[in-house]
Amino acid sequence: MRASSADSRIAALRGSLGPEEPGARGLERVARNPECMRLRALTIVGITPATAANRIYGEPAREEQSPFALALGNQFERSLFNNSAARSIQLYRDAGRLTTKECKVAIVPDLAPPLSSDPQKLLASLGRRQAETIRLLRAKAAGSKDAPNIIIKPRMFVRLLGIGHAIEPDALIAADADRFYRPIEVKSYPDRAGKTDPADVRSACRQAAVGVVALREAAREFGFRDVDLVVPAIGDLVLRVPGSMTAKLRSMTLRSEVASLERAIDEAPRNLDELEAMLAPGASLDDPLILDQIPTSYRTSCKEHCALAGKCKQQACAAGEPAVIGDMARELLTPAGTVTRALDLMNGQGVPPRTAEEVALAEQLQEAFSQYRRAV
Amino acid sequence: MAVDLETIARLVAFKKGKAVPMASDLQIVIQPDALVLCCIALAGEDTTIHGVACGPIGKPAEFLSVPDPRFRDDQYDLFAWIGKRIERYYAECRRCGTHPQIWVSSEAAVKHLDVLSDRLRYNRERADIRRLGELLTYATERFPIGGQQALHAATSALRQHYATGQQAAEDEHLGALLTWIDPPRRTNILAAVALAEQTPMGVKTDPEFDRTKLDPLVRAYNEARRTGASAAQLKGRAQIIHDALMTVVSQIYDATQAAVEILRTRWPRRLLTAPQLQNREAQEFENFMQSRDNGFFLPTWDKPKAAAFKLTEREIALQTIEAAICMGDRVALAKARLAGRILEGSIENPRRMWVRPRVFESTFDLVSAQRVLRIRPRDELFLLSDPRQKALVRTVEREGRKTRVQLEIIKGKNAVGLPSPGSLQVFTPYVPDWNSLTKARIQLAERLAVQPWTHAENGAIPQRVPSQLRKPTDLLAAVEALR
């Protein structure tokens, strides 16, 4: 009942735009910048930032990934999962995580009809994938010895406002002795140990964390009580050795990623209420003027993951938000609120400092400015 | 959290719509014969070079590209082409007793060279490719070391000298950074920067360009190759790819040259310690090349002992360059003053007391108005204007908004003498010691002569040996006394 009520509220907020599955990427995006109300609102109602930039703000659609990189990523994934995931099994055997007898593999897309452009058939196919995933997970939860060790492309759900948002982790892994699965995230990023790009690792970890959250929800439904122990906040990243198709396995602790994601999900009902309270009755987010009203929180990292970063930057610059000159300035200049006010305080112009915090900030700014002027 | 100088500079730049200086002196050494190297990789294939522009600073570039870097032979020929130029340049530097210097556009380009050097130096198929990997390793291994002059990213070098009115991460786009430094007239700076950001300045082409232009061209070339097209046809298709890539690469090359030119012409004052930086780099280069000549192997991962040496080298280099810049650059000094890393104030109560025959104790108070101060009793500080004098902090007391620090001169009592009352003096915890690395290496070699059990293979935990020393009654005071 609650779900359907939320569903209709969400549909009304979405306006003329059709629902989109945010996927693991979309959900992890919210956890990256939890203070951004606009991003949370769009994710809750099922509009991706790319669609918002293109269809609501009318900005030209931009490719996020090069076809060369996409082709390489697909090739790497195929190399791991083809031939009944022989290379993945070998990878886990080499790491001592699977024995020679543990080689049961289930490829969920093969258990369902192929995806079709016909919406009815597509829904049926996706439904079948979901049903097959549940069947396989249930087998493991029941302790069946036939439960697969690796499940490729399972279709799982993360519940947001009572509505399940589908995600498809690359794979799940469990040895026979394990009580449940853990997610595998495959990325074609080059694995350079300590030199691996932190932004790449961060994004892969957050996507794996979405898998942990989905697995925990599934475990709860299967009657596990100690879900945190059954599905620990651990994920496996499979990256590529630079310049080759050889895979490297790294287990990552995802405690903070999972915690931030769970917090974002828990806050969603309150976010929906806040969002509706913020907007005029009957307003929907497909209107750029309405979307503009929803506050953002522009950060340095926004460009990494959000298609609306450019738009938010423009608005932040127009509003003179200190974040436009850096995250450090955003914290330091909080008492001033805007860059213009901070400049006034620094130059001793405009309205005199109104609060004790502004007085302290003005003193610091003036001292630092005099030092700067003297130095240059 | 105290307001730092960088935030102030960014505020000023935002208001002006133009980058503002963040240094008083040129903080790097620009070699007159430095090499500018701009490579473009195929997206996703980090160990490839699709197109490259290479040339000395202030000179036009030589270009080369391959139609598809996934064809190994073509790719190796391109590597060999680069290798030949770098080998020639290194040999010339060695002959002149100087060091090489390579300029790239951004830190992304540094990472690209790092991946390449890691990959190529173990190549088993061609010796010239392996040699290129080794030569590049010199530059990429030096990059994280403070004060190094072997490899410069244009963005990092400019950021050392300018502050913009945007986020620090956005300064990594060379085009945007140059726009902030030389903004176009009668155009909104933010609009101009947004436009500049459309041009790729890293090591990859724009995904949109890949989809609409490069991918179809590469596919067509591969198809022609697969169907056995004539050499002339293949050459024609390769030329189209070359032209498409060169428009991208030449823009990066020109921007990198522009960055070097800005630093060369607008920063006439060099750091006082520039010759020491050059000497150290030349020594490191000669050591590295000598090691290659002697046939030593470059490992993928350092063993514990080598890692300890390299870590120490990094720490000392950072400390030395920070101290050197602080002594020479007014902005760096102001930064240190604001952050409380140096002590500045007026001298009060200078006194010289007789202790015993020929032994005097020289003390004075320094009253500082610094808001933040990171000074503790027993710290040893050097007089910035004459580092021969060293003083020991005896007490630190707050007096309203001021801080009174009592100091005792422990070195340079006669050579420098007591500071005169009322004079403004600056004390710093570090002064550049260009021989400290050698001393540290000797000390490390002694201490690590026997590998500690923590790093030994199958090293057993040694048995506890009860200490023969008497346990101090006040443990905290004993620890403090060690400082």
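Looking at B:ASP46, B:ASP33, B:ASP4, which is the one that is in contact with an Asp or Glu (Cβ under 9 Å, 6 or more places away or on another chain) and not hydrophobic (A, V, I, L, M, F, W, C)?
B:ASP33
Failed condition for B:PHE382, given (1) closer than 30 Å to B:ALA477 by Cα; (2) at pLDDT below 95, with all others met?
(2)
If a residue has to be assigned to a helix (DSSP H, G or I), more than 7 Å from chain B (Cβ to nearest Cβ) and in contact with a helix residue (DSSP H, G or I) (Cβ under 7 Å, 6 or more places away or on another chain) to count, how many in region A:341-373 make the cut?
Residues in region A:341-373 being assigned to a helix (DSSP H, G or I), more than 7 Å from chain B (Cβ to nearest Cβ) and in contact with a helix residue (DSSP H, G or I) (Cβ under 7 Å, 6 or more places away or on another chain): 5 in total.
Quickly run through region A:293-316 and pick out the residues that are more than 12 Å from every other protein chain (Cβ to nearest Cβ) and over 13 Å from A:PRO49 (Cα atoms).
Applying the first criterion (more than 12 Å from every other protein chain (Cβ to nearest Cβ)) to region A:293-316 yields A:293-297, A:305-308, A:312.
Within region A:293-316, A:GLN293, A:ILE294, A:PRO295, A:SER297 qualify.
Can you confirm whether region B:187-206 contains a residue that is touching a residue at least 40 places away in the same chain (Cβ under 8 Å), small (Gly, Ala, Ser), crowded, with 19+ Cβ neighbours inside 10 Å and assigned to a helix (DSSP H, G or I)?
Checked region B:187-206: no residue is touching a residue at least 40 places away in the same chain (Cβ under 8 Å), small (Gly, Ala, Ser), crowded, with 19+ Cβ neighbours inside 10 Å and assigned to a helix (DSSP H, G or I).
Is at least one residue of region B:156-163 more than 30 Å from B:THR300 (Cβ to Cβ), within 23 Å of the chain's Cα centre (by Cα) and among the polar types (S, T, N, Q)?
Checked against the condition, which is being more than 30 Å from B:THR300 (Cβ to Cβ), within 23 Å of the chain's Cα centre (by Cα) and among the polar types (S, T, N, Q), region B:156-163 yields at least one hit.
For region B:64-84, name all the residues that are assigned to a loop (DSSP other than H, G, I, E, B) and basic (Lys, Arg).
First, pick out the residues of region B:64-84 that are assigned to a loop (DSSP other than H, G, I, E, B): B:66-71.
Across region B:64-84, the qualifying residue is only B:ARG70.
Between A:ALA112, A:ALA71, which is modelled with pLDDT under 95, in contact with a Lys or Arg (Cβ under 6 Å, 6 or more places away or on another chain) and either outside the structural domain of A:ALA177 (by TED's automatic domain parsing) or surrounded by 14 or more Cβ atoms within 10 Å (Cβ to Cβ) (or both)?
A:ALA112 is the lone residue from the list that is modelled with pLDDT under 95, in contact with a Lys or Arg (Cβ under 6 Å, 6 or more places away or on another chain) and either outside the structural domain of A:ALA177 (by TED's automatic domain parsing) or surrounded by 14 or more Cβ atoms within 10 Å (Cβ to Cβ) (or both).
How many residues does region A:268-288 hold that are surrounded by 14 or more Cβ atoms within 10 Å (Cβ to Cβ) and either outside the structural domain of A:ALA52 (by TED's automatic domain parsing) or in a loop (DSSP other than H, G, I, E, B) (or both)?
Residues meeting the conditions: 6.
Do we find that B:GLU361 is closer than 22 Å to B:GLU6 by Cβ and more than 24 Å from the chain's Cα centre (by Cα) in this structure?
So B:GLU361 does not fit the description; no.
Can you name the condition, by its number, that B:TYR89 falls short on among (1) hydroxyl-bearing (Ser, Thr, Tyr); (2) out of contact with any strand residue (DSSP E or B) (no Cβ under 6 Å at 6 or more places or on another chain); (3) in a helix (DSSP H, G or I)?
Exception for B:TYR89: condition (2).
Give B:ARG94, B:ARG70, B:ARG131, B:ARG121 a once-over and let me know the one that is under 23 Å from B:ALA238 (Cα atoms), basic (Lys, Arg) and touching a residue at least 24 places away in the same chain (Cβ under 8 Å).
Only one candidate passes the filter, namely B:ARG70.
Specify the residue that is nearest to the chain's Cα centre (by Cα); the eligible residues are those in region B:224-239 that are loosely packed, with under 15 Cβ neighbours inside 10 Å and in a helix (DSSP H, G or I).
The qualifying residue nearest to the chain's Cα centre (by Cα) is B:GLN239.
Please state which of the following conditions B:SER346 fails to meet, knowing it meets all the rest: (1) closer than 20 Å to B:ALA2 by Cα; (2) surrounded by fewer than 20 Cβ atoms within 10 Å (Cβ to Cβ); (3) of a type outside the set (Val, Ile, Thr); (4) touching a strand residue (DSSP E or B) at 6+ places or on another chain (Cβ under 6 Å).
(1)
Identify the residue in region B:81-100 that is under 20 Å from B:ARG130 (Cα atoms) and either of a type in the set (A, V, I, L, M) or under 21 Å from the mean Cα position of the chain (by Cα) (or both) and, among all such residues, is surrounded by the fewest Cβ atoms within 10 Å (Cβ to Cβ).
Per the criteria, the residue is B:ALA91.
Say whether the condition of being facing chain A (nearest Cβ under 10 Å), farther than 30 Å from B:ILE86 by Cβ and part of a loop (DSSP other than H, G, I, E, B) is met by at least one residue in region B:49-63.
Scanning region B:49-63, I find no residue that is facing chain A (nearest Cβ under 10 Å), farther than 30 Å from B:ILE86 by Cβ and part of a loop (DSSP other than H, G, I, E, B), so the answer is no.
Which one of these is within 7 Å of another protein chain (Cβ to nearest Cβ) and crowded, with 18+ Cβ neighbours inside 10 Å: B:LEU78, B:LEU11, B:LEU26, B:LEU37?
Values: B:LEU78 fails: within 7 Å of another protein chain (Cβ to nearest Cβ); B:LEU26 fails: within 7 Å of another protein chain (Cβ to nearest Cβ); B:LEU37 fails: within 7 Å of another protein chain (Cβ to nearest Cβ).
Answer to the check: B:LEU11.
How many of the residues making up region B:358-411 are part of a loop (DSSP other than H, G, I, E, B), in contact (Cβ under 8 Å) with a residue 12 or more places away in the chain and away from chain A (no Cβ under 14 Å)?
If we filter region B:358-411 for residues that are part of a loop (DSSP other than H, G, I, E, B), which is where we start, we get B:358, B:369-379, B:384-389, B:400-401.
Checking the rest, the ones that are also in contact (Cβ under 8 Å) with a residue 12 or more places away in the chain come to B:369-379, B:384-389, B:401.
Next cut, away from chain A (no Cβ under 14 Å) only: B:374-379, B:384-389.
Number of matching residues: 12.
Do we find a residue being touching a residue at least 12 places away in the same chain (Cβ under 8 Å), surrounded by 20 or more Cβ atoms within 10 Å (Cβ to Cβ) and under 30 Å from B:ALA109 (Cβ atoms) anywhere in region A:164-186?
Looking through region A:164-186, at least one residue is touching a residue at least 12 places away in the same chain (Cβ under 8 Å), surrounded by 20 or more Cβ atoms within 10 Å (Cβ to Cβ) and under 30 Å from B:ALA109 (Cβ atoms).
Residue by residue through region B:14-23, note down the ones that are crowded, with 24+ Cβ neighbours inside 10 Å and either more than 26 Å from B:ARG269 (Cα to Cα) or at the interface with chain A (Cβ under 7 Å from one of its Cβ atoms) (or both).
B:PHE14, the sole residue that qualifies.
For region B:324-340, check the following and say yes or no: at least one residue is in a helix (DSSP H, G or I), in contact with a Lys or Arg (Cβ under 8 Å, 6 or more places away or on another chain) and more than 13 Å from chain A (Cβ to nearest Cβ).
No, every residue in region B:324-340 fails to be in a helix (DSSP H, G or I), in contact with a Lys or Arg (Cβ under 8 Å, 6 or more places away or on another chain) and more than 13 Å from chain A (Cβ to nearest Cβ).
Does any residue of region A:320-340 turn out to be away from chain B (no Cβ under 14 Å) and either within 17 Å of A:ALA368 (Cβ to Cβ) or out of contact with any Asp or Glu (no Cβ under 6 Å at 6 or more places or on another chain) (or both)?
So far as region A:320-340 goes, no, none of its residues is away from chain B (no Cβ under 14 Å) and either within 17 Å of A:ALA368 (Cβ to Cβ) or out of contact with any Asp or Glu (no Cβ under 6 Å at 6 or more places or on another chain) (or both).
Out of B:THR256, B:THR212, B:THR265, which single residue is among the polar types (S, T, N, Q), buried (at least 16 other Cβ atoms within 10 Å of the Cβ), in a helix (DSSP H, G or I) and assigned by TED's automatic domain parsing to the domain that holds B:PRO69? Step through it out loud before you land on a result.
Details: B:THR212 fails: buried (at least 16 other Cβ atoms within 10 Å of the Cβ); B:THR265 fails: buried (at least 16 other Cβ atoms within 10 Å of the Cβ).
The conditions single out B:THR256.
Can you name every residue in region B:102-151 that is within 11 Å of B:LEU37 (Cβ to Cβ) and under 12 Å from the mean Cα position of the chain (by Cα)?
Correct list: B:VAL110, B:ALA139, B:LEU151.
The values are calculated or read from the model by the stated rules, or taken from the named source; none is laboratory data. Please read these numbers as outputs of a predicted model, since none were measured by experiment. Positions of Cβ are generated from backbone atoms using ideal geometry, with glycine treated the same way; all protein chains shown enter the neighbour counts.
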